[in-house]
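For reference, the structure is listed below as structure tokens.
The values are calculated or read from the model by the stated rules, or taken from the named source; none is laboratory data. Quick caveat, the model's predicted, so the values are computed rather than measured. Glycine also receives a Cβ, built like all others from the backbone with ideal geometry; neighbour counts cover every protein chain displayed.
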Amino acid sequence: LASRERINRLTASADRSADALATELTERFWLRLRVFAARRLRDRNVAEDVAQETIRRVLEALREKRVDNLDALPAFVFQTARNICLHHGRSAHRETGALRRFGSSQSFVTGEEADPLSALIDRNRREQVRGALEAMRPEDRELLRMLYVDALDTAEVAARLGIDSGALRVRKHRALQRLAGILGNVSGRSGTEGGV
Amino acid sequence: VNEAFECLYADDDDLLRKYAAGKVTESEAERFEEHLFGCDRCRTELEQAMAIRAAMQEPSRASLLQWRFPSVAFVAAAAAVIVVVFGLLQLRSRDQVIVQPVRGAKHGELAATALVSGGSLSVNWNSIPGARDYTVQLFTADGSPLQSMRTSDSTASLPLGSLPSGAPLYWRVQAIDENGVVISSSPLQRIARPR
């Protein structure tokens, strides 16, 4: 909400400080845009390009007052990113067709990620979280594995552990609190977006 | 609506976790993404889910470096083992087979073999007493995880089709006990794939 208000103020201000507005937009949407693009295009580098291009276009639209209602800004950013991804998808499709016509047997996708969202988490962050996970109790670790790696339904994990869904949510909440506590003790505030 | 406290996706986070794992349909993903752009709580929880997934699928950097650049002490110990084994072999009859585990493991050595065929990596391994599951992991040369499969069987097949050809890949199998602890691991092995 604070970010939304700052964007409001910056857009409304006479000078419309470009850098400050770009910073606000980036802080608010950078992770979302990379996630959005990485899932579709399965390449973290291309996802970053899409995120940058989206921020640039949204910034342009804000400066030109093409976004009337700032409450609709998230939807505008979403739609802009979707258009860029669609365009990128069509370009990649044409490139594939051209390679096929030339009889190339080589794979045309150079950076395809098997797990595109995990690939967005940088190495330091992974190491930091992994270290914290290793310091947790095995039962907490196993619970988080079932929930986040195996991505099982809450009901299924609860059934496996012989507890009800409500009790599972409490157990998960406590495990995440312990993880956050260990991370906080180890490194203070994480340098990346968000935080466990 | 106060996003910090009220969010259906974050309160019941099954779909959010499945989204992070790539286990949702396209329409579910689109709906969630549209919501995600306006919900700060989902953004935070999604980043959390991604970080936990990435960390749990990440092999220890230290272990990879250790594997790629063994320490002097490790090389010396390995040389000593080879000398001792060679000496024992000289003393024993040729019919006897001495099985020397590569890595000591109180639950037994996990020996795995793999075959690349038809665009898949087929892996077989021996059962380890006390293991509840096994995880077959696929990595790039810099240690980034590419794929992971968990199974209670002693065989698995991982498709390689969507992965870039030509780049060296590495794999290993880990045995996991009922507490989620890795009790034995096969060494990292390289898959040589033609360009």
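Set side by side, the residues A:GLU112, A:GLU127 differ, and just one is facing chain B (nearest Cβ under 7 Å), assigned to a loop (DSSP other than H, G, I, E, B), modelled with pLDDT under 95 and more than 21 Å from B:ALA10 (Cα to Cα), which is A:GLU112. Restricting B:GLY130, B:GLY108 to those that are away from every other protein chain (no Cβ under 14 Å), modelled with pLDDT of 65 or more, in a loop (DSSP other than H, G, I, E, B) and touching a strand residue (DSSP E or B) at 6+ places or on another chain (Cβ under 7 Å) reduces the list to B:GLY108. Selection over segment B:140-180 of residues that are among the β-branched types (Val, Ile, Thr) and modelled with pLDDT under 75 gives a count of 1.
Can you name the residue in segment A:135-155 that is farther than 17 Å from B:ASN179 by Cα and surrounded by 14 or more Cβ atoms within 10 Å (Cβ to Cβ) and, of all such residues, is nearest to the other protein chains (Cβ to nearest Cβ)? I'd like the intermediate steps shown before the answer.
First, pick out the residues of segment A:135-155 that are farther than 17 Å from B:ASN179 by Cα: A:151-155.
Remaining after also requiring surrounded by 14 or more Cβ atoms within 10 Å (Cβ to Cβ): A:151-154.
On the way: A:ALA151: 4, A:LEU152: 8, A:ASP153: 5, A:THR154: 6 Å.
Ranking the candidates gives A:ALA151 first.
Scanning segment B:1-23 for residues that are at pLDDT 95 or above and more than 9 Å from chain A (Cβ to nearest Cβ) yields B:LEU15, B:LEU16.
Modelled with pLDDT of 95 or more and more than 10 Å from chain B (Cβ to nearest Cβ): does that describe A:ARG171? Give the derivation first.
On the way: modelled with pLDDT of 95 or more: yes; more than 10 Å from chain B (Cβ to nearest Cβ): yes.
Taking the combined requirement at face value, the residue satisfies it.
For segment A:137-156, the condition of being aromatic (Phe, Trp, Tyr) and at pLDDT below 95 holds for none of the residues. Filtering segment B:16-32 to residues that are surrounded by fewer than 20 Cβ atoms within 10 Å (Cβ to Cβ) and part of a helix (DSSP H, G or I) leaves B:LYS18, B:GLU26, B:SER27, B:GLU28, B:ALA29, B:GLU30, B:ARG31, B:PHE32.
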